[in-house]
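What follows is calculated from the coordinates using simple rules that are stated; it is not laboratory data. On a predicted model such as this, the values are computed, not experimentally measured, just so you know. For neighbour counting, all protein chains shown are included, and Cβ atoms are generated from backbone atoms with ideal geometry for every residue, glycine included.
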Amino acid sequence: MKAFSQIMVRIPLILWAIIVIFPLVWMFMGAFKTNAEIFTSPWALPQTFNFSNFARAWNDFNIGRAFLNSFFVTALGSILTLALSIPTAYALERIRSKMGEVLINVYLASMMIPAVLGWIPLFFLLMKLNLLDNLWALSLIYAISHVPFTIFILIGFIGNIPKELEEAATVDGMSQYGILFKIITPLIKSGIMTVTILNAISYWNEFFMALILLQTESNTTLGVAMNLLKTKAQYESAWGVLFAGLCIAVIPVIIFYTIFQRSIVKGMTEGAIK
Amino acid sequence: MAQSAKQRYLFLAFCLLPTFLLFLVFTVYPMLGGLYYSFFEWSGTSSVKTFIGLDNYVKLWNDTIIKQAIFNDFFFVFVKVIGIMMLSLFFAVALTQLRIKEAPFYRIVFFFPNIMSVVVIGILWQFIYDPSIGLVNSFLMKVGLTEWARPWLGDMTWVLPSIAIPAIWAGIGLFMLLLMGGISNVPKSLYEAADIDGASEWQQFWRITVPLIWPQIKTSILYIIITSLNGSFVLVQVMTGGGPGSASEVMGSYLYQRAFEDFQFGYGAAIGVLILVVSLITVLISQFILKKEKVEY
């Protein structure tokens, strides 16, 4: 009975794996094809594996520049998120007071409110501050938008650290700043890893804020550049180049995720156990 | 002593203040500002903002496109909750409870779409549906169903389901992981006892698994509702721009077009408030419905 159901269950699993993988393989194959091949044999392997579509996407269609911009925004955004969240999470977890509770609830409530509501004022605020079309400002916006989520996850990890550790450090004459940076921060490393991976993936993939807040083509991030490339590719029927561009956007995250997926799962379960 | 209390407050201020101030400026102010702007008529280019009271809301009430957009938003919520929950629950059970050796492979692969940008997913699926180079039509022709082939995203009746499919495709992995976490915490002894009592796998699923992971199921459903109402527009904007006509318009894509393409920032802000109100009401109602289900074991 168990053996039978094992076979029956594998059918939908295999089917779904194909449904997930096939479009990605198709995209990857398309990146090596000429326009004629894409039209006449959409299911076939490319005749030759030449990288000219990748080169054209990278150089002629601005994907290289956008790739570097995305990288900058992702790295800076992730670092800023941690700098803003770790001290707050520590203070909120350790100093349980009325004010602290209110603050936690304010941060949590903001996660329920659609970001769309704030777009228009945010756009004009950045315009007034002369920060439109600025990658530093975009990174800061990303970081602040993920502060509530990051605090929420880190509080769980800090809560698992025994208070005695801090008491012992205080007796040894360590300052509160020392405790925060030299004891707490290293101890919640796996929590920091988990949120940073999740934050980095969403900064890398973000589209709409970048679309609204960035303006010149040399400043665009990958999402916006891909959307532009799509329009141009349709106009010039440069389908192979478009597929190559999609690959450039996807391959780094797939590699990144495959390397780190263990620590995501580990972090998710560790943080959940209280 | 006074010195140390002062130091303590300084430390707290150091920890909390900078973050909170930035949060006030770049999150709270824009959200309140959204509400404020919704009472004005404003093209954004001039400094002239005209206070028009509730006129934007009256206009919204009479706008047929926003009605279509709300309907479409709920279509996506409904189809996504059903599709994602059924599939991810099935996969989660299959990958945790039946001893399948290659389970880690499926776990990693099914999560791939979750790490891809919505823009990439949108563009990729736009080409899967493409009438001339797409996979769907060429597949239909291969298997002899030529008359079924159509420009999927240009078809008034097929455009919504066609966008819903990639939305489900991209959503499964995360919720499967979440539910797997819940299932692996269910004590094995319960299933062993049920086996001895002769309960079928189907009965075990409904009597043990579902009630015990109800918190995870509830969280997942609420999360799908919120992210769908607040985020479906990215896929819509990339794949169809709300078209053909306004057949696939959702509230978010409509806001973007009105504000950032037609420069009606006051009206756009009012749509933003509407999205907030609709999301809150929907979440409250669904929380109420989901709570009524009792856990019994």
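Below is a table of values for the structure above.
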| quantity | calculated |
| --- | --- |
| Per-residue average of Cβ from other chains inside 10 Å of B:121-132 | 5 |
| Burial ordering of A:16, B:206, fewest other beta-carbon atoms within 10 Å first | B:206, A:16 |
| Derived scalar couplings ³J(HN,Hα) [segment A:174-187; Karplus, 6.51 cos²θ - 1.76 cosθ + 1.60; whole Hz; x for Gly, Pro] | 7, 6, 5, 5, x, 4, 4, 8, 9, 10, 5, 4, x, 6 |
| Peptides ranked, highest mean first, by Cβ atoms within 10 Å: ranges B:64-73, A:122-131, B:171-180 | B:171-180, B:64-73, A:122-131 |
| Phi-based couplings in Hz for segment B:4-14 (Karplus 6.51, -1.76, 1.60; Gly and Pro marked x) | 6, 5, 5, 5, 4, 5, 4, 5, 4, 4, 4 |
| Segment A:107-253: C-alpha pair distances exceeding 29 Å, % | 39 percent |
| Reciprocal of mean inverse Cα separation for chain A (Kirkwood radius, Å) | 21.8 Å |
| Assigned charges on the beta-carbon of Lys, Arg, Asp, Glu; chain B dipole about Cα centre (debye) | 760 debye |
| Only Lys, Arg (+1) and Asp, Glu (-1) charged, at Cβ; segment B:67-144 dipole about Cα centre in debye | 220 debye |
| Residue mean of other protein chain beta carbons inside 10 Å, A:228-237 | 1 |
| Inter-centroid distance (Cα atoms) of segment A:131-176 relative to segment B:76-142, Å | 35 Å |
| Residues with amide H under 5 Å from that of residue B:40, placed H, sequence gap 5 or more | B:52 |
| Ordering of A:245-256, B:48-59 by burial proxy (mean other Cβ atoms within 10 Å per residue, highest first) | A:245-256, B:48-59 |
| Cα gyration tensor, segment B:32-120 - rounded (a/c under 1.5), prolate or oblate | prolate |
| Relative exposure of A:8, B:239, A:174, judged by other C-beta atoms within 10 Å (fewest first) | A:8, A:174, B:239 |
| Under the Karplus curve 6.51 cos²θ - 1.76 cosθ + 1.60, θ = phi - 60°, whole-Hz ³J(HN,Hα) for segment A:123-140, x wherever Gly or Pro sits | 4, 6, 4, 5, 4, 4, 7, 6, 10, 5, 6, 10, 5, 5, 5, 4, 4, 5 |
| Per residue, the convex hull volume that the Cα atoms of chain B enclose (Å³) | 234 Å³ |
| Ranked list, fewest to most other Cβ atoms within 10 Å of each Cβ, for B:88, B:189 | B:189, B:88 |
| Segment B:74-202: relative contact order in percent, alpha carbon pairs under 8 Å with at least 6 residues between | 37 percent |
| Shielding by partners - mean other protein chain Cβ count within 10 Å, residues of A:6-16 | 4 |
